[in-house]
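Q: Next up is a structure, given as structure tokens.
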């Protein structure tokens, strides 16, 4: 069985060990770093965010690869600002695109074969894909995976990356009130899920 770890990130073409330079570029103190420098500096952080959003290793790897492909195609248009925020925005938007695409496929399939309709069930990451990330408790990880994608994104950006409500609003392109509402609902649902899980464990142990 293969287990990932918190320092894991997928191999991205051009990865070499280089000093972090995007902060200097954003500050106007250096030239735009090379492709290999960008990957070396940001790959781990992008992967951690992608994993927290998707809940499984394969999707996190795919999202990380796609994020850097998008960065590579758009890099010439980037102007000094907040490079890490730009990466967060790309990663979260790609995750939401992935969720919408899969939802559409599922709905199309259900319309074609109504006899196969079954109630949706949430699932936790498989043992092969699950691993500790930033000391995230397995129960918290499972509860996070049960959230609606929009709620999960807002909560991860707030509690996982410690972004402000304003920063999250800019990253997601939504109103500040929407961000507050999503985070409030996410926390309420997380609490309810954890209470439910605690009750299940108590019942099994009784």
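Rule-based calculations on the coordinates, nothing more; no lab input. Here the structure is a predicted model, which means the values were calculated and not measured. Glycine also receives a Cβ, built like all others from the backbone with ideal geometry; neighbour counts cover every protein chain displayed.
Q: When the residues of the range 37-78 are narrowed to those that are touching a residue at least 60 places away in the same chain (Cβ under 8 Å) and surrounded by fewer than 20 Cβ atoms within 10 Å (Cβ to Cβ), which ends up farthest from residue 152 (Cα to Cα)?
A: The qualifying residue farthest from residue 152 (Cα to Cα) is 58.
Q: Then there's this: Mind listing whichever residues of the range 47-100 are more than 11 Å from the chain's Cα centre (by Cα) and assigned to a loop (DSSP other than H, G, I, E, B)?
A: Selection gives 78, 79, 80, 81, 82.
Q: On to the next question. Scan the range 16-31 and give yes if some residue there is in contact (Cβ under 8 Å) with a residue 12 or more places away in the chain, under 11 Å from the mean Cα position of the chain (by Cα), assigned to a helix (DSSP H, G or I) and surrounded by 15 or more Cβ atoms within 10 Å (Cβ to Cβ), otherwise no.
A: no
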